[in-house]
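Taken together, the values in this text are just the output of simple stated rules run on the coordinates, not laboratory data. Predicted model, so just to flag it, every value in this text is computed and none were measured. Cβ placement follows ideal geometry from the backbone for every residue including glycine, while neighbour counts extend to all protein chains displayed.
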Amino acid sequence: MPNVYEKIGTRFPVFAGRRGVLLFLAIVALAVVYWFTLGPAGGASVRLKSPEQLHSYYVEQGYTMQALRAGNAEVPPVFITTVPEDWARDLDVKQKKSLFFRTLLPLVLQVNKDIRADRTRLGDLRKRIAAGQVLAADERKWLRALAERYKVIDPDKADAKSPLTPDQFASLGARVDTVPPSLALAQGAIESAYALSRFAVEGNALFGQWTYGKGLKPGEQREDLGDYRVRSFRTPIASVRGYALNLNTNPAYRPFRAIRSAARKAGQVPRGSVLVEGLKAYSERGEAYIEEVRGVMRVNGLGGTDTARLEDGPPIELRAGLF
């Protein structure tokens with residue numbers, strides 16, 4: 001199979017003479033600066049010219065929907081940097097869904113990986129404190145920042161030197177946890193119309209999160225709800241991070257966190273089809289919304305993604321304007 005993608009920066013013009021060599025060296029120097037300031041750490045940037053090439057690129061790596069449905073799939077660390085406006089051009093419904101799920105999943109898995117690392121460190125620090133050990137200053141600082149990010153403590157009210165209470169540790173343990181990929185994929189598909197909505201294209205907004213302040217104004221804003229906006233993000237993965245933090249901190253989603261904690265205590269892998277029951281407050285449609293999310297998971301066979309994992313290796317960025 002021919003190579004259907006090209007790494008940015010691998011094609012150089014031919015230079016002749018001293019000036020040409022100096023120009024060549026200057027371009028190389030700029031490329032090095034770019035690589036270490038804008039490029040992915042230790043990774044590569046890939047440019048694709050069409051959705052069909054993206055599909056072929058995934059297939060080359062054995063990354064197919066069949067593999068995901070089978071469970072325990074290894075997913076390449078490929079991360080899209082923005083949502084191209086015409087990414088689904090000329091695709092039928094099946095192809096559109098397949099590319100959407102496979103492109104969003106690595107972002108979800110990376111966010112979960114980061115959350116899992118925080119959860120592991122939190123557990124280690126909690127055990128050390130319980131054993132009577134004194135934490136180092138940088139460890140106490142990290143713990144406080146985590147508690148503030150997950151809204152366990154109010155930075156404006158809490159004493160910076162006060163240690164976390166047992167109840168605060170318990171709350172952190174329930175909040176610093178992953179989101180089932182099947183649930184994230186299904187909600188992302190519904191909330192962003194498979195990344196074809198105006199909010200997805202203009203603001204990388206994949207989960208329809210509301211905000212009061214800066215954001216994208218809905219075309220048919222309901223006046224009785226105030227001047228709400230759809231929150232926008234610099235990148236798609238930032239949208240995924242915002243979504244996960246929302247589920248892990250918003251008081252409306254306590255049922256979601258309670259179901260997940262119960263699954264953990266039972267030694268079970270949290271499943272999207274089960275945890276979605278705790279998200280009735282996500283939409284004013286309530287139970288009808290829950291059934292829609294379950295339907296997307298079921299029809300597209302997304303349950304297997306709950307056991308997927310990212311392959312080890314440097315990240316690969318799919319650059320803006322790919323298609």
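Values as computed for the structure displayed
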read-out: When each of Lys49/Lys97; Lys141/Lys161; Lys113/Lys161; Lys127/Lys265 is checked by Cα-Cα distance, pairs over 21 Å; value: Lys113/Lys161
read-out: Anisotropy class of region 68-122 from Cα gyration tensor, a/c 1.5 cut; value: oblate
read-out: Approximate spin-label separation Arg140-Gln95, in nm, with each point projected 7 Å along Cα-to-Cβ; value: 6.0 nm
read-out: Local electrostatic count at Arg128 - Lys and Arg +1, Asp and Glu -1, tallied over other residues with Cβ under 12 Å; value: +2
read-out: Mean-position separation - Cα centroids, region 246-323 and region 66-95, in angstrom; value: 17 Å
read-out: Relative contact order of region 115-175, pairs being alpha-carbon contacts under 8 Å that are 6 or more residues apart, as %; value: 35 percent
read-out: Likely footprinting exposure, Arg47, Arg116, Arg175, fewest C-beta neighbours within 10 Å first; value: Arg116, Arg47, Arg175
read-out: Under 13 Å from Lys96, Cα to Cα: aspartates and glutamates that are on another chain or at least 8 residues apart; value: Glu52, Asp86
read-out: Highest-first arrangement of 118-124, 177-183, where packing means the average Cβ count within 10 Å; value: 177-183, 118-124
